[in-house]
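The values are calculated or read from the model by the stated rules, or taken from the named source; none is laboratory data. Keep in mind that what you see is a predicted model, and the values were worked out from it rather than measured. Don't worry about glycine lacking a Cβ; one is built from the backbone with ideal geometry, like all the others, and counts go over all protein chains shown.
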Amino acid sequence: MDELLIAEQRQYVLFRLRSEEYGLAIKRVQSIIRYEAATPVPRAPAGVDGVINLRGQVIPLVDLGRVLLGEPLVPTQASRIIVVESSVGSVGLAVDVVYEVASIAVGDVKPAPAAALGAETSEAFEGVVSHGDRLVILLDADKALPKPVFMSGGQLQEDGADV
Amino acid sequence: MSDDMSAYRDVFLSESAEYLQAMTEGLLALEAEPNDLEPVETVFRGAHSLKGMAAAMAYGSTQELTHKMESLMDTVRRRVQAADHELIDLMLRAIDVVREAIAVESAGTGEASIEGIVAELVARAMAAPAAAEVPSGKAPAADTGEGALFQARITLEEACVLKGVRAYMAIKRLSHMSTVVETRPSAREIEDERFDRSFEVVFRTSAAPEAVHNALIAVTEVENVVVEPVAEPAPSASTQDASPRPTSSARPVPKLSETQTVRISIGHLDAMVNLVGELVIIRSRLERIARDADLPELGDTLDALERVSAELQQEVMQTRMVPVGNIFNRFPRMVRDLARDLGKDVTLETDGLDIELDRTVLDEIGDPIVHLLRNCVDHGVETPEERVAAGKSERGTVRLAAEREREQIRITVSDDGRGLDVGRIWSAAVARGLVEESARDSYSEHDIFLFVCAPGFSTVEQATKVSGRGVGMDVVKGKIEYLGGTISITSTPGEGTSISLRLPLTLAIIQALLLACGDQVFAVPLSAVDEVLGLDEVTLETVEGRWVTVLRDGSVIPIQRLDVVCGVAEPGEAAADPGDHIVIIHSGEEMRALTVPHLIGRQEIVIKPLSALFRGLHGIGGATVLGDGHVALILDPRTLLKMEG
C-alpha cells in the first residue's frame, strides 16, 4: 500500500450494540439524534422498524441490532439514532450508545475475519481496527442495510431470515 | 472555470437548447410546407443567434458549425435553392452535431469533431441548383387559438384592500382555463390598481362559460362575475398580412420567454414547495392548540392564516406547472425519423400543448409517451402499401393529445392503424397462463387489451429493433400507476388503437381522510373514498369463505379489516367489531370496503415519499407528518386492492 494512504487518517463515529463496538465513516453521517420509536410500516423488510419524522422528512429507521446481531434494540436514555446518507437516501440507524468520534489510520485497518463473523453479515464490514484496548468493527453503511422487499405479481414476500 | 463563467454557461446551455428546439420545429414545419418562408427565417435566425452566443463563449466548433448552417439557410432564404428532404435531413443532423459540440465545449473536454458535417453543409451551399421554383406561398393560418371568444366583467367587493392582487389572481385563474386576449384597463393599470371595483377580461376558451364563472367567483373577494360571448373581430391587416414578407418579417425568432417570466432553478421551486408543506403542517398544529385551549381570537387569526396559506400553496404549486408542450415538442422529430427508418409515412398531430402539468409528473411521463408513440408507428400504422390495399390514405396519422378533466389530465396517444386483435391477445394471455381459457366470458374487450401491459407480454412474433420485445408496456403501466394514474386502451380492428393515460395534475398535497387503528393513524386519499357508512347501514356476509359487504342498493363489495391490512392485528373470525365504521374505497373500477375502528376526519396532507427501502411494498403509498409531529402512513388504494381480501 501507498505510504501516504497508510498514514491517512479517517474519522469514524464509534458506537455500541450490546457488547460489540462499531464504527461508521463520518462523511456518511448526517446527524445523530435521540432515539425515538418509529411508526411501524406493515410488511417492511426485516430489520426495518418503520419510519420517523426527521425535521419534516420521513426516513426509515433500521434496528441495527436486529440486522447485525439478530437481537432487537432495547431503548434506554442513552440510545441514539445515527442518520446516514445511503444509496437509498437518508436512513436512521438505531444503536445502543454513541461514545466518540475517532481518527483511525487507514493502514491500521485489517480485513474482517469472515469465519468469525459469519458469511451473512461479514460483507457489511469494511474491516476491523484496534482502538485503545478495544476491537472496533468498521461498517459499510450501504451493505449493512436490509434489502428492499420486492414484490411482484401480488405475491407477498415476508422473509424473516435474519431475525 | 470561475463562478461567473459557469453562470454564463448555464444561461448559454438553456438558451441554446431553446434555439435548437425552435430550429428543429422550423425545419419540420418547412418540410411540411416547403414554400413557407417563415420557418426559413426561424432556422436562419436561430443559427445566426447561436453563432453569436457561441462566439461570446469562445466555443469555436459550435461557432463555425452554426456559421455554416446559417450560410446554407441563407441560400434557401434567397431562394437560390429549395428546401427538399435532403436539405432538411442535413440540417437536422447538423443540429444533432451542434448539440454534441456544445456538450463537449461547455464541459471543456476538448474540441468536437465537426469537419464531416461542415463539409456537407458547405458542399450543399455551393451546389445551389438552379433557382428553385418558389411560387408565392399562401399565408400561414392565423393563430386564432382554440375555442370561442368571451368577455368577463369581474367586480371586487367594496371592502377589498388589495385590489391589484385579487384582480391578478382572477386573471391568473382565468389563464389556466383559457387564453387571455386582452384586459380593460390594461394589465399594467390593473396591476397598479388604477381601476375602480371592476375590470374586463377578453379571453378565448373551449371551457363552458359556467365553469369560467364558477372559477372566477371562487376567487376571494370577488363579488360578481358576468361572462358573455363576444363577436370575433374581423381579421385586420395588422394581424395577418396576405403576402409573405420573406426578409422584413418582424416576428421575433424564435419565440422566447418575455419579460414577465423569469428563469428560476428547479431547486428553489422544490424548496418552496417543501417550505409551504411545512407551513401547512405548522398551521394544523396551531389549529389543534387553538382548539384545545379554546381561544376564539386565535381561532379567527388562524382562519385568516388558513386563507392566506391556502392561496400561497396554490400559487406555489402553480409555479411548478409546466405546459405539456415542453415535452411534446420533442416528439414530431422522433416520429418523423422513426417512420422514415421503417419505410412508413406518418404524421404526428399534437393537441392541447398549453395544458399544464406539475413538473415532477411531466418529467416522469416523457419516457412512457415515447414508448407509446413508438408502438403506434411500429405496430399500429401499416406500411403505405398495406394502407392503400385496405382503402386508407397512404399517410398514417398518430395523434398525441392532452386535455383537462377536472382535477386530472388525460393524455391520449392514438393511431389510425390496424388496431389490436382481441383474439390473439386472449390466446397469448391464455398461453402464458395469465387467465383460464374458460373465463373468456367474464372479460370485457377492454380488460383483454390491458393484458398487453402484463410483464413480458408480446404478441409480435419477431421483435423489431424498435419495439415488440414485450418489455415496455408493463413499464409504462407501472410508471403511470406510480404517479397515481390509470391507463385504458380502446381499439377497433382496421381503424386504429387509442391509449389514454389519466394523471393527477399535482402530486404533493392532497385532501385525505384520517383513520385510526389502535394508536396508529393512517390517511386515505379523499379522491379514493366513495362513502363512509355505519355498521348498521350494511349487511356482512360470507361468500365462498370470504367476507363481503352488501350495501343497501344490493351491490356486493369485498371487505377487509384495516387493522389486518396494516399489520396491527392478525386475521380473525369477525369481519368487523362493534362500533366499527365502513369506508368504501375504489381504485379504477374496483371497490373495497374497509372496517375502521376510528375516523378522525378530513385533512389536507403533504405527501412525503417513502424511502427506496420500502420499494415494492403493497398497500402503502407514502407518508405524511401530522400536526403533532407524528408520522401517518398513506394507504395506496391501488396496491391495497391487489392484496387478498
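Is it true that B:Ile102 is assigned by TED's automatic domain parsing to the domain that holds B:Glu223 and modelled with pLDDT of 80 or more?
Working: assigned by TED's automatic domain parsing to the domain that holds B:Glu223: no; modelled with pLDDT of 80 or more: yes.
No: the conditions fail for B:Ile102.
Answer yes or no: is there a residue in region A:92-100 that is more than 23 Å from A:Val128 (Cβ to Cβ) and within 14 Å of chain B (Cβ to nearest Cβ).
Within region A:92-100, one or more residues are more than 23 Å from A:Val128 (Cβ to Cβ) and within 14 Å of chain B (Cβ to nearest Cβ).
Looking at this structure, is A:Arg80 within 14 Å of another protein chain (Cβ to nearest Cβ) and surrounded by 13 or more Cβ atoms within 10 Å (Cβ to Cβ)? So that I can check it myself, show each step before the final result.
Numbers: within 14 Å of another protein chain (Cβ to nearest Cβ): no; surrounded by 13 or more Cβ atoms within 10 Å (Cβ to Cβ): yes.
So A:Arg80 does not fit the description; no.
Filter region B:266-318 for residues that are among the charged types (D, E, K, R), surrounded by fewer than 17 Cβ atoms within 10 Å (Cβ to Cβ) and within 14 Å of chain A (Cβ to nearest Cβ) and give the result.
Taking region B:266-318 first, the residues among the charged types (D, E, K, R) are B:270, B:278, B:283, B:285, B:287-288, B:291-292, B:294, B:297, B:300, B:303, B:306-307, B:311, B:315.
Now drop any that are not surrounded by fewer than 17 Cβ atoms within 10 Å (Cβ to Cβ), which leaves B:270, B:278, B:285, B:288, B:291-292, B:294, B:297, B:300, B:303, B:306-307, B:311, B:315.
Hits for region B:266-318 are B:Asp270, B:Glu278, B:Arg285.
With respect to B:Glu33, determine if the residue is within 30 Å of B:Asp345 (Cα to Cα), crowded, with 19+ Cβ neighbours inside 10 Å and at pLDDT below 85. Break it down stepwise before answering.
Values: within 30 Å of B:Asp345 (Cα to Cα): yes; crowded, with 19+ Cβ neighbours inside 10 Å: no; at pLDDT below 85: yes.
No; evaluated as a whole, the condition is false for this residue.
Looking at the structure I just gave you, is B:Arg93 surrounded by fewer than 21 Cβ atoms within 10 Å (Cβ to Cβ), under 26 Å from B:Val335 (Cα atoms) and touching a residue at least 12 places away in the same chain (Cβ under 8 Å)? Talk me through it step by step, then tell me what you get.
Values: surrounded by fewer than 21 Cβ atoms within 10 Å (Cβ to Cβ): yes; under 26 Å from B:Val335 (Cα atoms): yes; touching a residue at least 12 places away in the same chain (Cβ under 8 Å): yes.
When the stated conditions are applied, B:Arg93 passes them.
Can you tell me which of A:Val41, A:Val91 is part of a strand (DSSP E or B) and surrounded by 20 or more Cβ atoms within 10 Å (Cβ to Cβ)? Step through it out loud before you land on a result.
Numbers: A:Val41 fails: part of a strand (DSSP E or B).
Criteria check complete, one pass: A:Val91.
Residues of region B:421-450 being loosely packed, with under 13 Cβ neighbours inside 10 Å, of a type in the set (Lys, Arg) and modelled with pLDDT under 85, which ones?
B:Arg440
Let's see how each residue does on (1) under 18 Å from B:Met643 (Cα atoms); (2) within 36 Å of the chain's Cα centre (by Cα); (3) surrounded by 14 or more Cβ atoms within 10 Å (Cβ to Cβ):
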residue: B:Gln520; (1), (2), (3): no, yes, yes
residue: B:Leu526; (1), (2), (3): no, yes, yes
residue: B:Gly534; (1), (2), (3): no, no, no
residue: B:Glu541; (1), (2), (3): no, no, no
residue: B:Arg546; (1), (2), (3): yes, no, no
residue: B:Thr549; (1), (2), (3): yes, no, yes
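Of all residues in region B:38-72, how many are surrounded by fewer than 22 Cβ atoms within 10 Å (Cβ to Cβ) and among the hydrophobic types (A, V, I, L, M, F, W, C)?
Selection size over region B:38-72: 5.
Assess whether A:Leu73 counts as being more than 13 Å from every other protein chain (Cβ to nearest Cβ), at pLDDT 90 or above and touching a helix residue (DSSP H, G or I) at 6+ places or on another chain (Cβ under 6 Å).
Details: more than 13 Å from every other protein chain (Cβ to nearest Cβ): yes; at pLDDT 90 or above: yes; touching a helix residue (DSSP H, G or I) at 6+ places or on another chain (Cβ under 6 Å): yes.
Spelling it out, A:Leu73 is indeed more than 13 Å from every other protein chain (Cβ to nearest Cβ), at pLDDT 90 or above and touching a helix residue (DSSP H, G or I) at 6+ places or on another chain (Cβ under 6 Å).
B:Val565: within 14 Å of chain A (Cβ to nearest Cβ), in contact (Cβ under 8 Å) with a residue 60 or more places away in the chain and closer than 27 Å to B:Thr486 by Cβ, yes or no? Even if it seems obvious, please write down each step before you answer.
Values: within 14 Å of chain A (Cβ to nearest Cβ): yes; in contact (Cβ under 8 Å) with a residue 60 or more places away in the chain: yes; closer than 27 Å to B:Thr486 by Cβ: yes.
For B:Val565, the condition - within 14 Å of chain A (Cβ to nearest Cβ), in contact (Cβ under 8 Å) with a residue 60 or more places away in the chain and closer than 27 Å to B:Thr486 by Cβ - is met.
What tally of residues in region B:206-221 results from selecting those that are of a type in the set (Val, Ile, Thr), surrounded by 15 or more Cβ atoms within 10 Å (Cβ to Cβ) and either farther than 23 Å from B:Gln314 by Cα or modelled with pLDDT of 85 or more (or both)?
Initially, region B:206-221 is screened for residues of a type in the set (Val, Ile, Thr), giving B:212, B:217, B:219-220.
Applying the additional criterion that residues be surrounded by 15 or more Cβ atoms within 10 Å (Cβ to Cβ) yields B:212, B:219-220.
Of the ones still in play, those that are also either farther than 23 Å from B:Gln314 by Cα or modelled with pLDDT of 85 or more (or both) are B:212.
Residues that pass the stated criteria total 1.
Where in region B:306-403 are the helices (runs of 4 or more DSSP H), entirely inside, with at least 1 residues that are in the same structural domain as B:Leu450 (by TED's automatic domain parsing), closer than 27 Å to B:Gly485 by Cα and of a type outside the set (Ser, Thr, Tyr)?
Values: elements: B:325-328, B:331-341, B:359-375, B:384-389.
In region B:306-403, the matching helices (runs of 4 or more DSSP H) lie at B:325-328, B:331-341, B:359-375.
Among the strands (runs of 3 or more DSSP E) confined wholly to region B:485-528, which include 2 or more residues that are farther than 22 Å from B:His586 by Cα?
Values: elements: B:486-492, B:496-504, B:509-517, B:520-525.
Of the strands (runs of 3 or more DSSP E) lying wholly inside region B:485-528, those with at least 2 residues that are farther than 22 Å from B:His586 by Cα span B:486-492, B:496-504.
Report, by residue number, each residue of region B:14-30 that is touching a residue at least 24 places away in the same chain (Cβ under 8 Å), touching a helix residue (DSSP H, G or I) at 6+ places or on another chain (Cβ under 6 Å) and surrounded by fewer than 20 Cβ atoms within 10 Å (Cβ to Cβ).
Residue satisfying the conditions is B:Leu28 alone.
Every residue, every condition in (1) part of a helix (DSSP H, G or I); (2) over 30 Å from the mean Cα position of the chain (by Cα), yes or no:
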| residue | (1), (2) |
| --- | --- |
| B:Arg9 | yes, no |
| B:Pro34 | no, yes |
| B:Glu41 | yes, yes |
| B:Gly46 | yes, no |
| B:Met53 | yes, yes |
| B:Ser71 | yes, yes |
| B:Asp74 | yes, yes |
| B:Ala83 | no, yes |
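Could you tell me whether region B:52-70 includes any residue that is at pLDDT 85 or above and farther than 28 Å from B:Arg9 by Cα?
no
Please enumerate the residues belonging to region B:621-639 that are out of contact with any Ser or Thr (no Cβ under 8 Å at 6 or more places or on another chain) and either hydrophobic (A, V, I, L, M, F, W, C) or at pLDDT 85 or above (or both).
B:Gly622, B:Thr624, B:Val625, B:Leu635, B:Asp636
Starting from region A:76-93, take each residue that is more than 18 Å from A:Phe15 (Cα to Cα) and list its partners that are of a type in the set (Ser, Thr, Tyr), counting only C-beta distances under 6 angstrom and pairs at least six apart or across chains.
Sorted first by the residue in region A:76-93, then by its partner, the pairs are A:Val88/B:Ser611; A:Gly89/B:Ser611.
Restricting attention to region B:591-645, which residues are at the interface with another protein chain (Cβ under 9 Å from one of its Cβ atoms) and of a type in the set (D, E, K, R)?
Selection gives B:Lys608, B:Arg615, B:Lys642, B:Glu644.
Return the residue satisfying two criteria in turn: it lies in region B:190-217 and is outside any helix (DSSP H, G or I) and free of Cβ contacts under 8 Å to residues at least 12 places away in the same chain, and of such residues it is nearest to B:Val180 (Cα to Cα). Give the derivation first.
First, pick out the residues of region B:190-217 that are outside any helix (DSSP H, G or I): B:192-208.
Subset that is free of Cβ contacts under 8 Å to residues at least 12 places away in the same chain: B:194, B:196, B:208.
Details: B:Arg194: 19, B:Asp196: 21, B:Ala208: 15 Å.
This residue is B:Ala208.
Among (1) modelled with pLDDT under 70; (2) more than 14 Å from chain B (Cβ to nearest Cβ), there is one condition A:Ser152 misses while meeting the rest; what is its number?
(2)
Being in a loop (DSSP other than H, G, I, E, B) and either within 22 Å of A:Pro60 (Cβ to Cβ) or at pLDDT 50 or above (or both): is that true of A:Gly127 here? Write out each step before concluding.
Numbers: in a loop (DSSP other than H, G, I, E, B): no; either within 22 Å of A:Pro60 (Cβ to Cβ) or at pLDDT 50 or above (or both): yes.
Taking the combined requirement at face value, the residue does not satisfy it.
Restricting to region A:64-80, what's the tally of residues that are outside any loop (DSSP other than H, G, I, E, B) and closer than 18 Å to A:Ser31 by Cβ?
Taking region A:64-80 as the starting set, the residues that turn out to be outside any loop (DSSP other than H, G, I, E, B) are A:64-68, A:80.
This time we only want the ones that are closer than 18 Å to A:Ser31 by Cβ, so: A:64, A:80.
Selection size over region A:64-80: 2.
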